Amino acid sequence: MKEAVYIKGSTNVSDVENQLPTYLLLGRSNVGKSSFINALTNRKALARTSGTPGKTIVLNYYLINSSFYLVDAPGYGYAKRSKSMQNEFIGMIDNVIHNHPKIISVLLLIDFKVGPTNDDLEIYDYLLSIGIEVNIVATKKDKIPKTRQYKQEKEIKKVLNNPINFYSVSNTTKDSIDKIREKILQGVEGYESH
Ligand SMILES: Nc1nc2c(ncn2[C@@H]2O[C@H](COP(=O)(O)OP(=O)(O)OP(=O)(O)O)[C@@H](O)[C@H]2O)c(=O)[nH]1
Ligand SMILES: [Mg+2]
């Protein structure tokens, strides 16, 4: 990813930004969405925190290689968020996905050490139900000792019913970032040639 530019934060999806293929990043607060964008693009502070979740959803658009967008959404699953707030979040995401013509895939970030939370599972089920491609990216792999990583990965995959697209990474050590970066770039190429 040679070029990476922050374009804008936007609250609606009927924009020129929707004319390029897009990856939407979802994940609970603090899971490492912004750090993941920085790791993917080899930047220290391209993406900062995406702000507090509220009634409107602010999507941060990062233009990569002048050819596609990584879009950082606010985190879900704040501790005190009620069930209806969670439904509201899914409603907002549903609106984004259905008004965006060029979403290649959702990158759903989960915490490798914590494993999938109930909120993660709820969002994941919703994404599967609408038939969009999901790539699970488990972050903070460095927090689990190397000797236990295999077992932890196996357990996470089991809870998720063995997802087709699964990556475990560390944004801190950059462990396995190259694999998901490759997948993302291939997705853009495939999208452009169909
Ligand atoms: N050890 C470790 N820490 C990480 C990793 N990724 C992110 N962090 C740390 O986790 C914290 C949250 O990271 P962010 O990238 O801001 O998380 P976010 O998902 O963008 O958070 P919101 O924008 O608030 O939803 C920061 O202190 C990061 O330094 C990782 O792979 N390993
Ligand atoms: Mg963030």
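The values are calculated or read from the model by the stated rules, or taken from the named source; none is laboratory data. These numbers were taken from a predicted model, which means no experiment stands behind them. Every residue, glycine among them, receives a Cβ derived from its backbone with ideal geometry; neighbour counts consider all protein chains shown. In case anyone asks, the SASA skips ligands and DNA or RNA and just uses the protein heavy atoms, side chains included. Shrake-Rupley method; radii C 1.70, N 1.55, O 1.52, S 1.80 Å.
What to note about this one:
- As a summary of the residue check, Ile123 satisfies the conditions (1) open to solvent by 60 Å² or more (accessible area, probe 1.4 Å); (2) closer than 15 Å to Ser29 by Cα; (3) part of a helix (DSSP H, G or I) except for the one numbered (1).
- Single condition Asp178 does not satisfy, out of (1) at pLDDT 95 or above; (2) in a strand (DSSP E or B): (2)
- Of the residues making up region 77-120, those that are at pLDDT below 90, open to solvent by less than 30 Å² (accessible area, probe 1.4 Å) and over 19 Å from Asn30 (Cα atoms) are Val96, His100.
- Extreme residue, nearest to Gly131 (Cα to Cα), among residues of region 166-194 that are open to solvent by less than 30 Å² (accessible area, probe 1.4 Å), out of contact with any Phe, Trp or Tyr (no Cβ under 6 Å at 6 or more places or on another chain) and not hydrophobic (A, V, I, L, M, F, W, C): Gly187
- Candidates Ile57, Ile7: the one that is within 16 Å of ligand 1 (Cβ to nearest atom), at pLDDT below 85 and open to solvent by less than 80 Å² (accessible area, probe 1.4 Å) is Ile57.
- Among the conditions (1) assigned to a helix (DSSP H, G or I); (2) within 23 Å of Pro21 (Cβ to Cβ), Lys154 misses just one, which is (2).
- Selection count, region 126-149, where residues are open to solvent by 30 Å² or more (accessible area, probe 1.4 Å), touching a residue at least 24 places away in the same chain (Cβ under 8 Å) and over 17 Å from the mean Cα position of the chain (by Cα): 2
- Answer residue from region 126-147, given it is assigned to a helix (DSSP H, G or I) and away from ligand 1 (no atom under 15 Å from the Cβ) and is nearest to Ile103 (Cα to Cα) among those: Leu127
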